[in-house]
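One structure is given below, encoded as structure tokens.
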Amino acid sequence: MSLAQPPLFALVASELGRLTLQSDQGDIAHIFVLEPDIIRVMVLPGGTLEMARTWAIAPGADDVPREGRDRFDLSGFSLPAFVQTLEGNDLTLETDLIRLTVDLSGLFLGWDLKLDGEWRRVARDRRTQAYDFGYWDGKVRHYLSRDPGASYYGLGERAGPMDRAGGRYEMRNIDAMGYSARTTDPLYKHIPFCITRRADGAAHGLFYDTLSDCVFDLGRELDNYHGAYRGFSAEHGDLDYYFIAGPRVAEVTRRFTWLTGRPAFPPRWALGYSGSTMSYTDAPDAQGRMDEFLERCAEHDICCDSFHLSSGYTSIGDKRYVFHWNRDKFPDPAAFARRYADQGVRLCANIKPCLLRDHPLFEEARAKGLLIMAPDGEPAWVQFWDEVGAYLDFTHPAAFDWWKGQVSTALLDQGIVSTWNDNNEFEIWTPNAMAHGFGAPFEARRAKPLQTLLMLKASREAQIAHAPAKRPFLVSRAGAAGMQRYVQTWSGDNFTSWETLKYNIKMGLGLALSGVSNTGHDIGGFSGPAPDAELLVRWVQFGVFMPRFSIHSWNDDGAVNAPWMHPEATPFIRDLIKLRLTLLPYLYTLLRTYHADYEPVVRPTFHDFPDDPLCWAENDEMMLGAGLLVAPVVEPGATVREVYLPAGAAWREVWSGERHEGGRSVILPAPWDRPPLLAREGGAIPVNLAEQHFARPADARGFWMFPHQGEGAFTAVSYEDDGETRDGPDGAWRLEVRSDARTIRVTVERRGTVPDGALTLIFPASEDRAISVRGHEAREDRLSDGRRRVVVAR
């Protein structure tokens, strides 16, 4: 290919939803008009497709086949009508929301969005060698012009600030134990999705559908010959990318989540506090230590719904052997699981996809061809947990089914109810490691996250087969785009520090913008020094608002992160866990909305307030749904917290009821027992008002009410079901609230199946307007803190 003679493309085929371009050099480009707001581009230098299937694309679907989805399968997309014109070398495609212009001389694409009735250019390929038509090294490459003032978000789980501008980020899933949440890269997850927001506020997303190691450069690299640019490159695979129109970040996130599949809806108990530590199962008296955990929960009245059983239960000596029970530590696994279940604590067992070479099942797996192998017939050896081993090959149907069988017999049949899929980054680096590929072998290193996704799928299928009436719950550390269909996740083995607390907030928000919103962090830090009392309390204050709430650790000094590790902090942590249970109906409703409508549970303030320029500044705040503004304390010694209140709404301090107009900062008290928390005026938060105690769950539905100060109206919903059945009856409490200067009128509607008992509405103490509940008897009094309570009879 001559640089002086770039390829000249011509339109050679047009069919429903797809146009095919071919160059005079044999290169091919396919353009797919999938939705009014989604256009896909596949560029194949040389005309060949390396990976014929995708495991990421599942538009509005629960899953994809284990062997993947054909890349030319357009099912699930609306394939809208569009206007197509060709003038000279310029091909233009136009939907209601996107106008794509293609310069056929060299293949340069420009993207316009319809904003306020006019087309506005929001993205364009770099005018010099945007794709690698023999110009570079044969890798997958795409370069775009970089607009001054543009910001970049997403990329899944990243260290550092929310805005990725000026950075270079590598996706090469790796076990980054003790990482810096400010600087470490790469990390555990592979989500090559970037949201661009221009200085004029218009946003769009680009998702590169690849499972190869890849890099995003968002302005770190400069080359005088190409102007300002940003780039994507991948070691292997194909250039197959999706342009998602906004024009708001919230719309881009929602559509990307839809594109990669419906998020799993977990059972309600998965939102409770989950205990965990490596120390208990590593101890010689592991079952005694586990019994001690239940005793301490009862002693301190720490409400707990599950426990993440670390891999020490599989040990032989000092090594780990997945699906092997150490009978010296746990003589009777089923009896052990029953003891926990009797206290209302479900066990989630750690499982790892690599068999050490001396694993009791290694030769069986080798003989059956279940391992990733080298061409010489030897397993493809990798370093794993203080020993050499080989990964199972989930692209082999026999290995997939073998894993399901082991999950069932070794764990689920013993009373374990959930799987903790861990150490599943599949660190395979050598070219001689071959994956079965469902009968079409390929180098395993070319699609490592595929193994992770299939592991999650196999574990989930095993759990569904074992308990078909119940919704499965799984956890995974590693993952890829589409992982939200299977699991809850967390930010991996973080380091104990105030800096980690601060930047884990941003990591979780980056994941949420990237389609993965059922997330959390190891509270207190996993690796490094044990947290002092202040840091632990502040971390718990933040953690109780995340979908995943687990205190976990492997501290350098052997200390165990637990609610009772600092006696002076234990009462605060106990009450914060009970606060989480109070908020559980809100969290549960948010997860249901995430499942049904693809809306993230946690999100940065700019997601909900894009027109407020101050929300785009780096901050340590987040929205929990649309109704709550969470302001974690991330600095030691603080007794107050400055919080910026987004413009466009008024805000109420949850604890005092004090009202503030948005668009300014306020100083809030930040004691250990009550984290800074604000509610958006014109809303209501569903809560559980029953008194909570360990092993004695109770439920009494209510709403925290924050009506408009003057005239206004809003609706609020609490989703209700039995908490775990897959296809059981469900229902909702629905409130319609209208207010003016003198009255508040509430309409209460019960839809479908809702819990028995009265409904309690709690208003701020300063609320002095008359309150009426339409069609129901209601009695009113005041709580001890002065708040007004209205009890609506059944």
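The values are calculated or read from the model by the stated rules, or taken from the named source; none is laboratory data. Given the structure is predicted, the values throughout are model-derived calculations rather than measurements. We place every Cβ from the backbone using ideal geometry, glycine too, and count neighbours over all the protein chains shown. Note: accessible area is taken over every heavy atom of the protein model, side chains too, but ligands, DNA and RNA are not part of it. Shrake-Rupley method; radii C 1.70, N 1.55, O 1.52, S 1.80 Å.
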Could you work out the helix-only [θ] at 222 nm for the chain, with each DSSP H run of four or more residues adding -39,500 (n - 2.57) and the total divided by the number of residues, to the nearest 500 deg cm²/dmol?
-5500 deg cm²/dmol
Just for the Cα atoms in the stretch 359-406, what are the lengths along the principal axes, largest first, rounded to whole Å?
26, 24, 17
Among the stretch 317-334, those whose backbone N falls under 20 Å of a label point 7 Å along Cα→Cβ from VAL388 are 318-322
In Hz, Karplus ³J(HN,Hα) per residue of the stretch 682-692 (6.51, -1.76, 1.60; θ = phi - 60°; x = Gly, Pro)
x, x, 9, 10, x, 9, 9, 9, 6, 5, 10
So, over other residues within a Cβ distance under 13 Å of SER151, counting Lys, Arg +1 and Asp, Glu -1, the net charge is +1
Round to a whole angstrom and tell me the spacing of the C-alpha centers of the stretch 254-331 and the stretch 619-682.
33 Å
When the Cα centres of the stretch 64-101 and the stretch 422-470 are compared, how far apart do they sit, in Å?
30 Å
TYR229's amide H: which non-local residues (gap 5+, or another chain) put their own amide H closer than 5 Å, with H modeled 1.01 Å from N in plane and none for Pro or chain starts?
ARG146
Using θ = phi - 60° and the Karplus curve 6.51 cos²θ - 1.76 cosθ + 1.60, what whole-Hz ³J(HN,Hα) does each residue of the stretch 755-761 get, with Gly and Pro shown as x?
x, 5, x, 6, 10, 10, 10
Along the stretch 21-27, what does the Karplus equation 6.51 cos²θ - 1.76 cosθ + 1.60 (θ = phi - 60°) give for ³J(HN,Hα), rounded to whole Hz, x for Gly and Pro?
10, 9, 9, 5, 9, x, 6
Along the chain, longest interval not containing exposed GluC sites (Glu not before Pro), exposed being DSSP loop plus at most 11 other Cβ atoms within 10 Å:
1-567
Which one is right for this structure if percent of Cα pairs over 34 Å apart is calculated from it: [x] 51; [y] 67; [z] 63?
[x]
What share of the DSSP beta bridges in the chain is antiparallel, in percent to the nearest 5?
80 percent
Which value in Å does the Kirkwood hydrodynamic radius of the stretch 505-598 take, with 1/r averaged over all unlike C-alpha pairs and then inverted?
14.2 Å
Find, among the chymotrypsin sites (Phe, Trp or Tyr not before Pro) in the stretch 82-129, those assigned to loop by DSSP (not H, G, I, E, B) with at most 14 other beta-carbon atoms within 10 angstrom.
none
In terms of modelled amide H atoms, which long-range or inter-chain residues lie less than 5 Å from the amide H of ARG346?
SER306, PHE307
TYR169 accessible area, 1.4 Å probe, all protein chains in place, Å² to nearest 10:
30 Å²
Determine the shape class of the stretch 111-222: with a ≥ b ≥ c the square roots of the Cα gyration tensor eigenvalues, call it rounded for a/c under 1.5, and otherwise prolate if a/b is greater than b/c, oblate otherwise.
oblate
Rounded to a whole number, what % of the accessible area of the chain do carbon and sulfur atoms account for, probe 1.4 Å?
48 percent
Separation of alpha-carbon centers, the stretch 687-703 and the stretch 334-367, rounded to whole Å:
33 Å
What are the semi-axes of the equivalent ellipsoid for the stretch 118-161, taken as the square roots of 5 times the Cα gyration tensor eigenvalues, largest first, in whole Å?
23, 19, 9
Can you tell me which lysines have their Cα less than 24 Å from the Cα of LYS189? Leave out same-chain residues fewer than eight positions away.
LYS139, LYS352, LYS404, LYS448, LYS457, LYS502, LYS506
Round to the nearest 10 and report in Å² the accessible area of ILE372, as given by a 1.4 Å probe over the protein chains' heavy atoms.
0 Å²
Rounded, prolate or oblate: which fits the stretch 392-439 when a ≥ b ≥ c are the square roots of the eigenvalues of the alpha-carbon gyration tensor, with rounded for a/c under 1.5 and prolate only if a/b beats b/c?
oblate
As a Kirkwood estimate from alpha-carbon pairs, the stretch 216-355 has a hydrodynamic radius in angstrom of 19.6 Å
Under 5 Å between amide H atoms, partner at least 5 residues away or on a different chain: which partners does ILE316 have, H built in plane at 1.01 Å?
TYR321
Span per principal axis, largest first, for the Cα atoms of the stretch 62-142 (Å):
42, 40, 23
With an 8 Å cut-off on Cα pairs and a minimum separation of 6 or more residues, tell me the relative contact order of the chain in percent.
10 percent
Semi-axes in Å, largest first, for the stretch 582-702 (Cα gyration tensor, √(5λ)) are 25, 19, 13
Using only alpha carbons, build the gyration tensor for the stretch 636-697 and give me the equivalent ellipsoid semi-axes, biggest first, whole Å.
26, 18, 8
Sites ARG659 and ALA465, calculated FRET efficiency, Cβ-Cβ separation with R0 45 Å, nearest 0.05
0.30
